[in-house]
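The block underneath contains the structure these notes are about, expressed in structure tokens.
The values are calculated or read from the model by the stated rules, or taken from the named source; none is laboratory data. None of these values were measured; they are calculated from a predicted model. Because the Cβ atoms are built from the backbone with ideal geometry, glycine has one as well, and the counts that use them run over all protein chains shown. SASA here: full protein model, heavy atoms, side chains in, ligands and nucleic acids out. Shrake-Rupley method; radii C 1.70, N 1.55, O 1.52, S 1.80 Å.
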Protein chains: 2
Amino acid sequence: MEVPDIGVLAGQLMRAVQEELFETLAEQGHPDVHPRHETVLAFLDPEGVRATDLAARSGQHKQIIGTILDELVRLGYVTREPDPADRRAKLIVPTERGIDEIAKARAILTAAEERHERSLGAERYAGFKEMLQQVTRDQQAWRQAGPSTA
Amino acid sequence: MEVPDIGVLAGQLMRAVQEELFETLAEQGHPDVHPRHETVLAFLDPEGVRATDLAARSGQHKQIIGTILDELVRLGYVTREPDPADRRAKLIVPTERGIDEIAKARAILTAAEERHERSLGAERYAGFKEMLQQVTRDQQAWRQAGPSTA
DNA sequence: CCAAATTAGTCACGATCATTGACTATCAAT
DNA sequence: ATTGATAGTCAATGATCGTGACTAATTTGG
């Protein structure tokens, strides 16, 4: 069996984590959140965040954020409140249901990582995650350095 | 700054690897291959492979493989040859252009990993990749063990 | 050897998702 | 007050994925 490259491995890992996250969320009372919703939910704040900030932080287009927010509003996870500081903007505020989802999602991901800690050993896993962060940063940095120097 | 979970990290890493791969491929004479094509190209064999095998190995549906193959034929990367052993089947054979693409894709991915090796040190990077494989396997294994025992 | 069940591949349809451009309303700066 | 930038939405398009039905060929069982 060939050893897959880090791109393929990363993709498989992402997909597997997503499957655990959303299947477990479904069991815990949130059957209607999808991976695309999580890119918004992950960046919410009880105080409220502006849609543009969500777009910037998640790296997705404003329009996508808009349709995702439409769904999340319809599903009762967030509300759009007027921003007192800027009448153009709207603050995206999680509802109680939204806060519950966020908490449960965090718990599920923490539990998954704790499994890996037990499997690899806490020390090795800590090193792994640190290296994963650095490799990701370095790989993202190619955008600036690579195309010209290639 | 919060530490992202491994799912987000894996997703970012995958995306960054893909960007480097396809932008560099474009510079090297393959501007029209897309990520979806790679899921087929990665599993090709100069001797020819059957479409069903490609579907099984890549984990995607036959129909998707079919449309990807349509495009790859149109772009001149593969041809559909009759399978002498089974008149229903067709062997997907890479053209010279296809073989060139595969070789260049491998070289780009190898170069990226060598960058990370230099950055982390060969020994640490080897350990990282091994752990990445194990974590991915463990995470995928949740499907069997997790939902019931959760 | 022939009928039934499988398998390889394709066709047609619909659902989801991402990207682009234009548009209104508001803010900020001169 | 005018100009330019920003927040959010609308509309249209293309790319991608998934499902079911279909044809042709193979395999299996009598």
Potential lengthening between residue B:103 and residue B:61 on full extension [0.36 nm per residue; Cα-Cα distance subtracted]
12.6 nm
In terms of modelled amide H atoms, which long-range or inter-chain residues lie less than 5 Å from the amide H of residue B:5?
none
Amide hydrogen neighbours beyond the local backbone of residue B:89, cut-off 5 Å, H modeled
B:83
Restricting to Cα pairs under 8 Å and 6 or more apart, the percent relative contact order of chain A works out to 19
Amide H to amide H, which residues 5 or more places from residue B:78 or on other chains are under 5 Å from it, using H placed in the peptide plane?
B:73, B:95
How would region B:67-150 be classified by its alpha-carbon gyration tensor: rounded, prolate or oblate, with rounded meaning a/c under 1.5 and the a/b versus b/c comparison settling the rest?
oblate
How far is residue A:97 from the same spot in each other copy, in nm, shortest first, if each label point sits 7 Å from Cα toward Cβ?
5.1
Based solely on its DSSP helices, what 222 nm [θ] is calculated for chain A when runs of n ≥ 4 H residues each add -39,500 (n - 2.57) and the sum is averaged over all residues, nearest 500 deg cm²/dmol?
-23500 deg cm²/dmol
Once phi is turned into θ = phi - 60°, what whole-Hz ³J(HN,Hα) does the Karplus curve with 6.51, -1.76 and 1.60 give for every residue of region B:9-26, x standing for Gly and Pro?
4, 4, x, 5, 5, 4, 4, 5, 5, 4, 4, 4, 4, 7, 5, 5, 4, 4
What is the Cα centroid distance between region B:74-150 and region A:6-27, reported in whole angstrom?
18
What does the structure give for B:37-43 when I average, per residue, the other chain Cβ atoms found within 10 Å of the residue Cβ?
1
In whole Hz and in residue order, list the ³J(HN,Hα) couplings for region A:119-134 that follow from phi through the Karplus curve 6.51 cos²θ - 1.76 cosθ + 1.60, θ = phi - 60°; x for Gly and Pro.
5, 9, x, 4, 5, 5, 5, 4, x, 4, 5, 5, 5, 4, 5, 5
Spelling out what I want: for every residue of region A:91-97, take phi, set θ = phi - 60°, compute 6.51 cos²θ - 1.76 cosθ + 1.60 (Karplus), and round to whole Hz; glycine and proline get x.
8, 8, 10, x, 7, 4, 4
Roughly how crowded by other chains is peptide A:139-145, in terms of the mean Cβ count from those chains within 10 Å of each of its Cβ atoms?
5
Surface per residue (accessible, 1.4 Å probe) for region A:41-150, Å²
59
Could you work out the local net charge near residue A:56, counting Lys and Arg as +1, Asp and Glu as -1, over the other residues with Cβ closer than 11 Å to its Cβ?
+2
In region B:6-141 the accessible area split gives carbon plus sulfur, as whole percent at 1.4 Å, a share of 51
Springs between alpha-carbon pairs under 10 angstrom, Gaussian network model over chain A: which of A:36, A:57, A:87 fluctuates most?
A:87
Tell me, which longest segment in chain A has none of the GluC sites (Glu not before Pro) that fall in DSSP loops with at most 10 further Cβ atoms within 10 Å?
A:48-150
Filtered hits (lysines, Cα-Cα < 28 Å from residue B:90, offset >= 8 within chain) -> B:62, B:104
Radius of gyration, Dmax [region A:1-103; alpha carbons; angstrom]
15.8, 59
For the protein assembly as shown, what D do you get in µm² per second when you plug the Kirkwood radius from alpha-carbon pairs into Stokes-Einstein at 10 °C and 1.306 mPa s?
74
